[in-house]
Amino acid sequence: MAIQKLGKMIFKHENFTLDLDNAVKAKLYFKGSLMFMGDGYRAIKILLNSTNNSEPVKNKFRSQLELREKPRFSDVEKK
């Protein structure tokens, strides 16, 4: 269940609450206790891992997860 007010967002799933109100720091709570505070993308990834990649969580944050570019490593020639 997602609650949105005036550009702010709080997402609740089972015992987890993801607070994305602050643009600088997201907060992830488990049973009311702070579990993580920091980057929003990392908070989403922790939430996904903690819920065993739950479909409602994946569907809610699909666009944020798809926008993140995968690192590209080039082969370095060994001398």
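Every residue in the range 29-68 that is open to solvent by 70 Å² or more (accessible area, probe 1.4 Å), under 14 Å from K12 (Cβ atoms) and hydrophobic (A, V, I, L, M, F, W, C), please. Listed by number, the residues that qualify are F30, M35.
Selection of first residues in the range 13-26 that are open to solvent by 30 Å² or more (accessible area, probe 1.4 Å) and assigned to a loop (DSSP other than H, G, I, E, B) and of second residues that are modelled with pLDDT under 90 and of a type outside the set (K, R), restricted to Cβ pairs under 6 Å at least 6 apart or on distinct chains, gives the following pairs, ordered by first then second residue: L20/M9; L20/G40.
For K8, indicate whether it is at pLDDT 90 or above and either in contact with a Phe, Trp or Tyr (Cβ under 9 Å, 6 or more places away or on another chain) or surrounded by 11 or more Cβ atoms within 10 Å (Cβ to Cβ) (or both). No: the conditions fail for K8.
The values are calculated or read from the model by the stated rules, or taken from the named source; none is laboratory data. These figures come from a predicted structure and were not determined experimentally. FYI the Cβ positions are ideal-geometry reconstructions off the backbone, even for glycines, and counts take in every protein chain you see. We work out accessible area using only protein heavy atoms, side chains counted, and drop any ligands, DNA or RNA first. Shrake-Rupley method; radii C 1.70, N 1.55, O 1.52, S 1.80 Å.
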